[in-house]
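Worksheet: the structure to be examined is printed underneath.
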Amino acid sequence: MTTTPLPPSLLATLPGHYYTDPALFRQEQERVFEALWFCAVRATDLDRPGAFRTVRVGRESVLVTRSRTGELRAFLNVCRHRGARLCTEEAGQLRRALQCPYHAWTYDLDGKLIAAPDLAKMPDVDRSAYGLVKVALREWLGYAWVCLADEPPSFEESVIGAAAERLGDVASIERYGTERLALGKRVTYDVRANWKLIVENFMECYHCATIHPELTDVLPEFADGFAAQYYVGHGAEFAEEVGGFTVDGSAGFGRLPEVEDGQDRRYYAVTVKPTVFINLVPDHVILHRMFPLAEDRTAVECDWLYAPDVVASGADLSKSVELFHRVNVQDFAACERTQPAMASRAYREGGVLVPTEHHIGLFHEWLTKQLATE
């Protein structure tokens, strides 16, 4: 297939094999997901000592648990003896320690080896040296973020800085008090598409008038194709007749306490590379975490977060949740519709980006630079 130079209005996308090649996906696992900060679990999911959750990060299973003194800890989910998987469940509650089901090597909640058959007969074994392999962990916005790299990149620059870059300052996102909000609803989606298609879809709104009628009724500027992420600090304004960020435009809940007047009646979207989307509206926050499973499959866990008193009151969240649930279903169907064509000869050289999508090119530049990192 021959190619001709693109007119100035169009930019080239990544070639199709970036979305289908298992070898390239393994590179992404190593140089993206295992090298950068990865949003693993909401901290309140681990509400007591011994609570744990296992999370897929790249090629690794990471075990996140709460210690006896209340801190979150993260380890590779691998016994130091013969490599057995310590926890096979996605979530659970440990009594007092982690015990390998294969040979009963036992670790405390801080990862130290505390017992094993015949260990007393091996006084030369340093129990600290054979503890679980620790994973770097930071908490922000009420979530535990982990990094498998031996020398993690600056959390302030690579994670918190993403919010500042998108919204103009960190305070603009921290005013929503996400770490103090309560989980109102969680939905996990199994998306048969490459993770990058989902990122690209979230970053643009050229498609909004086509597939998001409910969303464009609430945010009419989205019908013109300009995404909220196109301009630094910009939030899409609610339609004049809309009462709240709900599926039918009816009123939502009271504005979160620290949200400023300038942020009221606006929707802000933030992408924290590689796998997190943050959606901010006056009365709640919607946070997506992606877990890339294969070159053509991605799990997306979406949390709807509200003021604790709203959740505790038993308020009906359905109209609030339904709006973005429909957006998710519509978006993921579009990504699944696109995935098969990534292997087509028609997409061998890639596609194109129109002007309202040009900022996606910056994501492509970031990714290719990350993959080139040794």
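Test E365 against the criterion of being within 29 Å of R180 (Cβ to Cβ) and surrounded by fewer than 18 Cβ atoms within 10 Å (Cβ to Cβ), and give yes or no. The answer is no for E365.
When the range 173-194 is limited to residues that are among the hydrophobic types (A, V, I, L, M, F, W, C) and under 16 Å from L287 (Cα atoms), the one that is least open to solvent (accessible area, probe 1.4 Å) turns out to be I173. Here is a check on your reading of the model: is G161 part of a helix (DSSP H, G or I) and either free of Cβ contacts under 8 Å to residues at least 12 places away in the same chain or within 14 Å of H284 (Cβ to Cβ) (or both)? Judged against the criteria, G161 is a match. Candidates in the range 230-281 are the residues that are out of contact with any His (no Cβ under 9 Å at 6 or more places or on another chain) and of a type in the set (F, W, Y); of these, the one that is nearest to V300 (Cα to Cα) is Y267. The number of residues in the range 163-187 being modelled with pLDDT under 90 and in contact with a Ser or Thr (Cβ under 9 Å, 6 or more places away or on another chain) comes to 3. Within the option set R95, R68, R127, R73, being in a loop (DSSP other than H, G, I, E, B), in contact with a Gly (Cβ under 7 Å, 6 or more places away or on another chain) and of a type in the set (K, R) holds for one residue only, R95. With respect to A239, determine if the residue is without any contact (Cβ under 8 Å) to a residue 24 or more places away in the chain, open to solvent by 10 Å² or more (accessible area, probe 1.4 Å), of a type in the set (G, A, S) and assigned to a loop (DSSP other than H, G, I, E, B). It is false that A239 is without any contact (Cβ under 8 Å) to a residue 24 or more places away in the chain, open to solvent by 10 Å² or more (accessible area, probe 1.4 Å), of a type in the set (G, A, S) and assigned to a loop (DSSP other than H, G, I, E, B). Residues that are closer than 30 Å to Q370 by Cα, surrounded by 19 or more Cβ atoms within 10 Å (Cβ to Cβ) and either free of Cβ contacts under 8 Å to residues at least 24 places away in the same chain or aliphatic (A, V, I, L, M) (or both): does the range 250-257 have at least one? No, the range 250-257 contains no residue that is closer than 30 Å to Q370 by Cα, surrounded by 19 or more Cβ atoms within 10 Å (Cβ to Cβ) and either free of Cβ contacts under 8 Å to residues at least 24 places away in the same chain or aliphatic (A, V, I, L, M) (or both).
Criterion first (out of contact with any strand residue (DSSP E or B) (no Cβ under 8 Å at 6 or more places or on another chain), under 27 Å from G225 (Cα atoms) and at pLDDT 95 or above) does T356 satisfy it? In short, no.
The values are calculated or read from the model by the stated rules, or taken from the named source; none is laboratory data. Computed from a predicted model, the values in this text were never measured in an experiment. Ideal geometry is used to build each Cβ from the backbone, glycine not excepted, and the neighbour counts take in all protein chains shown. Surface areas here come from the heavy atoms of the whole protein model, side chains and all, with no ligands, DNA or RNA. Shrake-Rupley method; radii C 1.70, N 1.55, O 1.52, S 1.80 Å.
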